[in-house]
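The values are calculated or read from the model by the stated rules, or taken from the named source; none is laboratory data. Note that the structure is predicted; figures quoted are calculated from it, not measured. Here Cβ is always computed from backbone atoms with ideal geometry, including for glycine, and neighbour counts include all displayed protein chains.
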Amino acid sequence: MGLGDTFDRLRRPFEGPNTLGNSRAFWVGFLVVLAGLVGYPIGFGSYAASSAALYLLYAILALSLTVIWGYTGILSFGQVVFFGVAGYSFALISMNLESALATTLALPVAVGLATLAALVLGYFMFYGEVRDVYVTILTLVVALVLNTFMAQTAGSEWTVGSVALGGFNGIPAIPSLTFGVGEAAVTLDGSAFYWFTLAALVASYLGLRALVNGRFGYTMVATREDEDRTEMLGYDVRRVKLLVFALGGALAGLSGVLYATWGNYISPSVFGITFASIPVVWVAVGGRRSLLGAIVATVVIEWFRQQLSATGSQYALIIVGVVLLAAILFVPEGVVPRLDAALTDVRDRFATNADTPEGTPE
Amino acid sequence: MTATDTNTDTERTDASTAKTTDALSAEATEVADATTPDASADAAPDGGTTDASDAADPEAVAAGTPPSDTSGRQSPAVAATGPGTDTLLQTDGLTKRFGGFTAIDDVDFDVEAGELRCLIGPNGAGKSTLLKLITGRHDATSGAIYYDGADITDRRPHERVDLGIGMKFQVPSVFDELTAYENMRLSVQRTHADADLDEAIRDALERIDLAERATTPAGELSHGQQGRLEIGMAAALEPDLLLDEPVAGLSVEERNEVADLVTELNGDGIAFIVIEHDIDFVANIADEVTVLHGGEVFREGSIEAIRDDDEVRRIYLGGE
């Protein structure tokens, strides 16, 4: 009983009407799945873990869009901007300074630069009263401009310090994620990188659950539902949107650094229209108002895309497009919230059936 | 937090005093109405030294308005609505144009602390526009709005809410997808710490008789319940002035419930500006009536005087 109580107390800050999974059963399931994910590299080896790490780091990018779009109502195509800015920043810092300490510090600095980029872009958009679809267009344009710009940096004049930007070919040989100083530094590869990414994802997920179920989360939801109304309750909605956008920028930035260190490579294609659209697909299919939905959809879709590409199919993206259309047409709220509703429905029906015989005679 | 509370209490007391004065002497209001900001500055030169000013000053300072300008004379905002005056809100030559159309034309309008003012006028008279100018939803084309010693003409809507101006909308604009509890939470969390939040939300719902419907999505509440929730949320922000557009399409019974709630809150010291169309209804609740017509203040006075005014009747009934 004591253990159950402690468990209930621990899960309380992460629960509320703004997330799915507010039951003891959910958290038991969560811990079981988490244990499975932690054990994955042990069962399937370092190579499989390394491939899976890509899906996990993409899931952080998906979460960044979920808070902005699903919870605050701002559809941004620009998450890849902050993803790419952080990736490129990490490469330029770590490769120019070439020390373990610099590589260690490059992670927070790159995430900080992505956040700063989000703050600047967000400031001009939200304080300039840009709303709705114009935010979507503007963020997409910023991504495409960066795509075009970075793609023409092939010449030798485009070097930052000792590192060539490399134009369309991008920057190769980016160091892996490293923590520490000099000899004592640890480089995260294979399974270790997978575990680090998993930890970052779980921390982001739990942190966001606590956020959206708290004071600020209610303000975000209110802003999504009706900005003018929210303002008349005394909330500065421009500030709310800017803060959420910055948070989204930070998460996308973290994802971007992980991406650059995962493949030791980054190229302008991260700013391209294909990659810019994919987070929207993950989030729309999984359920844009569900943090869990975004993670599940990202992992499943990316795994599926990888399998198709690996077997040489050129239709991977077309199939992803069809999946998106099907989701929008048939499950507009997203697959995971629909499954959750169905599960609750079944459980309620069982509960009523079980109650009836023992209930009141009439 | 404590300072704010004390401040609010003081203002509440001021408000009820003002209300009594107002009820006793209608002429006092007339005089205040006629007084220009500069003249009232001269009339109340000691405004800055009374006890009331100590309570109100932090707010004026927080609002970024100096109590007096460099030459030692009071700013128009303080002169019009600052400590030492009973006026809570004043518009000075307020004008709003939409392209070539003048919706509000050089309106001087003011409301005393604790008063319940009805705003009437035919369709298109500018009633809603005037409220939107006061809440900041619309920017004024020219003129100024003074509130509680501060010039709020260029303030953002949310800043005006922080200063104590609340708004209740014509169409219940509660958040449909959120439950009654969550709706109320959005309002109550502005004034309460996390620890007291749950209790305060339940109290606030109790007060508007919606405690039983706490877990119902607001979109599924009846029209009258939405109206009550709307007022309850506005009142939970602890405003000194509430702008009230009546809920459209209510039954007589539901309207009476809302009216009772308005009267009750007004009794607690919250000043109201209520837009109303039904003059009999106005007679039941209002002290003073302002008639808007063609974007201008057409008449202002007691409900009896307005009801007997042939000109008012003419503009209301149109060509008949």
(request) Filter the range A:14-41 down to residues that are in contact (Cβ under 8 Å) with a residue 12 or more places away in the chain and assigned to a helix (DSSP H, G or I) and give me whichever is farthest from B:Glu182 (Cα to Cα). (result) A:Pro41
(request) Within the range A:229-240, track down each residue that is at the interface with another protein chain (Cβ under 7 Å from one of its Cβ atoms) and either of a type in the set (Phe, Trp, Tyr) or in a helix (DSSP H, G or I) (or both). (result) A:Arg229, A:Glu231, A:Tyr235
(request) Would you mention how many residues in the range A:207-228 are among the basic types (Lys, Arg) and either over 16 Å from B:Val188 (Cα atoms) or more than 9 Å from every other protein chain (Cβ to nearest Cβ) (or both)? (result) 2
(message) Can you tell me which condition B:Thr102 does not meet? The list is (1) farther than 27 Å from B:His223 by Cα; (2) surrounded by fewer than 24 Cβ atoms within 10 Å (Cβ to Cβ); (3) within 10 Å of chain A (Cβ to nearest Cβ); (4) touching a residue at least 12 places away in the same chain (Cβ under 8 Å), and all the others hold.
(response) (3)
(request) Of the numbered conditions (1) touching a Phe, Trp or Tyr at 6+ places or on another chain (Cβ under 9 Å); (2) over 19 Å from B:Ile270 (Cα atoms); (3) part of a helix (DSSP H, G or I), B:Glu199 fails exactly one; give the number of that condition. (result) (1)
(message) When you scan the range A:126-148, do you find a residue that is in a helix (DSSP H, G or I), within 14 Å of chain B (Cβ to nearest Cβ), of a type outside the set (D, E, K, R) and over 27 Å from A:Trp27 (Cα atoms), even just one?
(response) yes
(message) Return the residues of the range A:290-334 that are over 13 Å from the mean Cα position of the chain (by Cα) and assigned to a loop (DSSP other than H, G, I, E, B); say none if nothing qualifies.
(response) A:Thr311, A:Gly312, A:Ser313, A:Gln314, A:Tyr315, A:Val331, A:Pro332, A:Glu333, A:Gly334
(message) Just to be sure before I move on: is B:Ala236 surrounded by 23 or more Cβ atoms within 10 Å (Cβ to Cβ), within 14 Å of chain A (Cβ to nearest Cβ), of a type in the set (A, V, I, L, M, F, W, C) and within 20 Å of the chain's Cα centre (by Cα) in the structure I sent?
(response) yes
(request) Report the residue count in the range B:249-276 for those that are of a type in the set (A, V, I, L, M), in contact (Cβ under 8 Å) with a residue 40 or more places away in the chain and outside any strand (DSSP E or B). (result) 3
(message) So, in the range B:281-320, how many residues would count as being in a helix (DSSP H, G or I), exposed (fewer than 13 other Cβ atoms within 10 Å of the Cβ) and at pLDDT 85 or above?
(response) 4
(request) Of the numbered conditions (1) away from chain B (no Cβ under 14 Å); (2) crowded, with 19+ Cβ neighbours inside 10 Å; (3) at pLDDT 95 or above, A:Ile174 fails exactly one; give the number of that condition. (result) (3)
(message) Take the residues in the range B:188-199 that are closer than 17 Å to A:Arg229 by Cβ and touching a residue at least 40 places away in the same chain (Cβ under 8 Å); name whichever of them is nearest to the other protein chains (Cβ to nearest Cβ).
(response) B:Arg190
(message) I'd like the full set of residues that are among the aliphatic types (A, V, I, L, M) and touching a residue at least 12 places away in the same chain (Cβ under 8 Å), limited to the range A:158-183.
(response) A:Val160, A:Val163, A:Leu165, A:Ile171, A:Ala173, A:Ile174, A:Leu177, A:Val181
(request) Assess whether A:Ala222 counts as being buried (at least 23 other Cβ atoms within 10 Å of the Cβ), more than 20 Å from the chain's Cα centre (by Cα) and among the aliphatic types (A, V, I, L, M). (result) yes
(request) For A:Gly112, state whether it is at pLDDT 95 or above, farther than 30 Å from A:Phe179 by Cα and under 20 Å from the mean Cα position of the chain (by Cα). (result) no
(request) Look at B:Arg117 and say whether it is surrounded by fewer than 24 Cβ atoms within 10 Å (Cβ to Cβ), of a type in the set (D, E, K, R), part of a strand (DSSP E or B) and in the same structural domain as B:Asp244 (by TED's automatic domain parsing). (result) yes
(message) Residue under question is B:Val111, and the condition is that it be more than 14 Å from every other protein chain (Cβ to nearest Cβ), within 20 Å of B:Pro83 (Cα to Cα) and part of a strand (DSSP E or B); does it hold?
(response) yes
(message) Among the numbered criteria (1) within 14 Å of another protein chain (Cβ to nearest Cβ); (2) farther than 19 Å from A:Thr115 by Cα; (3) not hydrophobic (A, V, I, L, M, F, W, C), which one does A:Gly287 miss?
(response) (1)
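Yes/no matrix, rows are residues, columns are (1) within 13 Å of another protein chain (Cβ to nearest Cβ); (2) in a strand (DSSP E or B); (3) crowded, with 18+ Cβ neighbours inside 10 Å; (4) out of contact with any His (no Cβ under 6 Å at 6 or more places or on another chain):
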residue: B:Ala140; (1), (2), (3), (4): no, no, yes, yes
residue: B:His158; (1), (2), (3), (4): yes, no, yes, yes
residue: B:Val161; (1), (2), (3), (4): yes, no, yes, yes
residue: B:Phe175; (1), (2), (3), (4): yes, no, yes, yes
residue: B:Asn183; (1), (2), (3), (4): yes, no, yes, yes
residue: B:Leu186; (1), (2), (3), (4): yes, no, yes, yes
residue: B:Asp203; (1), (2), (3), (4): no, no, no, yes
residue: B:Glu206; (1), (2), (3), (4): no, no, no, yes
residue: B:Gln225; (1), (2), (3), (4): no, no, yes, yes
(message) Filter the range B:163-173 down to the residues that are of a type outside the set (S, T, N, Q) and either within 13 Å of B:Gly232 (Cβ to Cβ) or more than 7 Å from chain A (Cβ to nearest Cβ) (or both) and list them by number.
(response) B:Leu163, B:Gly164, B:Ile165, B:Gly166, B:Lys168, B:Phe169, B:Val171, B:Pro172
(message) Can you find a residue that is surrounded by 15 or more Cβ atoms within 10 Å (Cβ to Cβ) and either more than 25 Å from A:Ala252 (Cβ to Cβ) or at pLDDT below 80 (or both) anywhere in the range A:350-362?
(response) no
(message) Suppose we filter A:Leu242, A:Leu308, A:Leu233, A:Leu325 for residues that are touching a Lys or Arg at 6+ places or on another chain (Cβ under 9 Å) and of a type in the set (A, V, I, L, M, F, W, C); which single one remains?
(response) A:Leu233
(message) I'd like to check something: does the range B:242-253 contain any residue that is surrounded by 21 or more Cβ atoms within 10 Å (Cβ to Cβ), away from chain A (no Cβ under 14 Å) and either farther than 21 Å from B:Leu163 by Cβ or of a type in the set (Ser, Thr, Tyr) (or both)?
(response) yes
(request) Out of the residues in the range A:242-273 that are crowded, with 24+ Cβ neighbours inside 10 Å and within 21 Å of A:Val130 (Cα to Cα), state the one that is nearest to the other protein chains (Cβ to nearest Cβ). (result) A:Val244
